[in-house]
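The values are calculated or read from the model by the stated rules, or taken from the named source; none is laboratory data. All figures in this text were calculated on a predicted structure; none of them were measured in a lab. Neighbour counts run over all protein chains shown; Cβ positions are idealised from the backbone, glycine included.
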Amino acid sequence: MSYSQLQQEIAYSISKDNFDQWLNCIPELNKLTTTPQDPYYHGEGNVWIHTQMVLRALIAQDEFAKSGPEEQFILFMTALLHDIAKPETTIIDEISGRISQPRHSKKGEISSRILLWRLGVPFELREKICRIIRVHQVPFYALSDNIRNKSPEWLIHCLSWELPIWMLCMQAKADVQGRICADKNRILDEVELFKQLAFEEKCLYQPRQFIDDYTRIQYFRGANVWPDDVLYPQKGANVILMSGLPASGKNSWVNKYKPTLPVASYDDARNQFKLKYGQNEGLVIQAVLAKVKQYLRDKQPFIWNATHLSQDMRQKALNLLYAYHAEVEIVYLEQSEKTLYQRNSSRNSSLPNKRIKQMFSKWEVPLPTEAHKVTYLINRN
């Protein structure tokens, strides 16, 4: 199935008020039909029943009818896939019988990314879908819970740089309306208050404005500064942090566009020590970190070339860079699955294709909030 076919299926679903064909279009959804939910939060039944109710609640919203075709695609696919990871995360307590699905939002983000990537959904649309899925429950409790010891305003400012908050609010509202639970009205009030706060902060429909990128990054990293304040930077190295699956073209990009910059690379370190992928990784990491720290101390512009695939791994690298006051640009590259395997098979590498496939489970595309600049290069030769 292609992106255009998905659009046709959406139009058909809406016109017929019937979503059963999606079980054939996206076979992964069939597991939702047998995945239970806790009756306290979901008295309607299994995950597929809930998903269909959410879709109907979404389509009934006035904002949906007023949205353009691409916006409707994002909203519909978000509602369709928002609980796709519940089957793999379901836990039933042996004593109480209570059902939980911990971290299904984050796992759903990655599962949806892989699925939509394979279906050829355009990158920008795909990432909006995945980012909303990752935080689709946040409006339920953002104003009442202390998330990461940050204020609701900080959270909304941050989210406004990652996704369209108005779409997140539409998904959250439909998610609540598409269920049977005792505190539905309370949760709907929370979602509406979240939306109103985003409107008051001038970031319901656009990112929160900052005085400059340095202040923005320091604010998102927890500095005691307000977006409109001027925070004068401490000068460090200019660093390009590469990111992307193996064989996505990182080395080629560096050689073509930044051939004179020094490079810290795990592959180069393996070649230096004559090691295959996975052999003595501790030695490889130590060698690369030593080179990175030397560049940072010297305030030498350089490239850190690695997959930096998961947000946790990138944060470790970014924490080091920002500790030395570096100015960071993340350059993210992406190719189709077929291209990745073909490129990897044709190059001199000890990394098998099956290992690349295993890495998909950690695939988190860099967010605009992670660096001073994030560049996305999709399907570039």
Can you find a residue in segment 279-287 that is surrounded by 12 or more Cβ atoms within 10 Å (Cβ to Cβ), in contact (Cβ under 8 Å) with a residue 40 or more places away in the chain and not hydrophobic (A, V, I, L, M, F, W, C)? no
Asp17 passes all but one of the listed conditions (1) out of contact with any Lys or Arg (no Cβ under 8 Å at 6 or more places or on another chain); (2) surrounded by fewer than 14 Cβ atoms within 10 Å (Cβ to Cβ); the exception is number (1)
Result of the Cβ filter at 6 Å on segment 7-26, keeping first residues that are outside any helix (DSSP H, G or I) and partners that are small (Gly, Ala, Ser), at least 6 apart or interchain, is Phe19/Ser13
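Inspect segment 302-318 for any residue being surrounded by fewer than 18 Cβ atoms within 10 Å (Cβ to Cβ), in contact with a strand residue (DSSP E or B) (Cβ under 7 Å, 6 or more places away or on another chain) and under 20 Å from Arg380 (Cβ atoms) and give the result as yes or no.
no
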If you take the residues of segment 338-381 that are modelled with pLDDT under 95 and among the basic types (Lys, Arg), which of them is surrounded by the fewest Cβ atoms within 10 Å (Cβ to Cβ)? Lys354
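Working carefully through the options Gln171, Gln196, Gln218, find the one that is assigned to a helix (DSSP H, G or I), out of contact with any strand residue (DSSP E or B) (no Cβ under 7 Å at 6 or more places or on another chain) and closer than 20 Å to Glu70 by Cβ.
Numbers: Gln196 fails: closer than 20 Å to Glu70 by Cβ; Gln218 fails: closer than 20 Å to Glu70 by Cβ.
Going through Gln171, Gln196, Gln218 in turn, just one is assigned to a helix (DSSP H, G or I), out of contact with any strand residue (DSSP E or B) (no Cβ under 7 Å at 6 or more places or on another chain) and closer than 20 Å to Glu70 by Cβ: Gln171.
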For Pro36, state whether it is touching a strand residue (DSSP E or B) at 6+ places or on another chain (Cβ under 6 Å) and either touching a residue at least 60 places away in the same chain (Cβ under 8 Å) or part of a helix (DSSP H, G or I) (or both). yes
Among the candidates Arg179, Arg208, Arg186, which residue alone is touching a His at 6+ places or on another chain (Cβ under 6 Å) and in the same structural domain as Ala142 (by TED's automatic domain parsing)? Arg179
Looking only at segment 343-381, which residues are within 18 Å of Tyr214 (Cβ to Cβ) and of a type in the set (D, E, K, R)? Glu370, Lys373
Taking Ala182 as meeting all but one of (1) over 30 Å from Trp48 (Cβ atoms); (2) among the aliphatic types (A, V, I, L, M); (3) assigned to a loop (DSSP other than H, G, I, E, B), write down the number of the exception. (1)
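So which residues in segment 199-215 are part of a helix (DSSP H, G or I), aromatic (Phe, Trp, Tyr) and farther than 16 Å from His372 by Cβ? Steps first, please.
Taking segment 199-215 first, the residues part of a helix (DSSP H, G or I) are 199-200, 213-215.
Still in the list and also aromatic (Phe, Trp, Tyr): 199, 214.
Phe199 - this is the single residue of segment 199-215 that is part of a helix (DSSP H, G or I), aromatic (Phe, Trp, Tyr) and farther than 16 Å from His372 by Cβ.
For Ile59, state whether it is under 19 Å from Gln171 (Cα atoms) and modelled with pLDDT of 95 or more. Reasoning before the result, please.
Values: under 19 Å from Gln171 (Cα atoms): yes; modelled with pLDDT of 95 or more: yes.
Against the criterion (under 19 Å from Gln171 (Cα atoms) and modelled with pLDDT of 95 or more), Ile59 qualifies.
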So which residues in segment 116-139 are surrounded by fewer than 19 Cβ atoms within 10 Å (Cβ to Cβ) and closer than 18 Å to Val47 by Cβ, if there are any at all? Gln137
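Hey, among the residues in segment 68-107 that are among the polar types (S, T, N, Q) and surrounded by fewer than 23 Cβ atoms within 10 Å (Cβ to Cβ), which one's nearest to Tyr3 (Cα to Cα)? Break it down into steps so the answer makes sense when it comes.
Initial filter on segment 68-107 (among the polar types (S, T, N, Q)): 72, 78, 89-90, 96, 100-101, 105.
From what's left, surrounded by fewer than 23 Cβ atoms within 10 Å (Cβ to Cβ): 72, 89-90, 96, 100-101, 105.
On the way: Gln72: 13, Thr89: 28, Thr90: 30, Ser96: 44, Ser100: 33, Gln101: 30, Ser105: 23 Å.
Result: Gln72.
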Looking at (1) under 25 Å from Ser310 (Cβ atoms); (2) free of Cβ contacts under 8 Å to residues at least 40 places away in the same chain, which is the one condition that is false for Ala65? (1)
Within segment 349-381, work out how many residues are assigned to a loop (DSSP other than H, G, I, E, B) and of a type in the set (A, V, I, L, M). 4
Residue that is under 30 Å from Glu334 (Cα atoms) and not in a helix (DSSP H, G or I), where the choices are Ile84, Ile114: Ile84
Kindly provide the set of residues from segment 151-175 that are without any contact (Cβ under 8 Å) to a residue 40 or more places away in the chain and either on the phi > 0 side of the Ramachandran plot or in contact with a Pro (Cβ under 9 Å, 6 or more places away or on another chain) (or both), ordered by number. Leu168, Cys169, Ala172
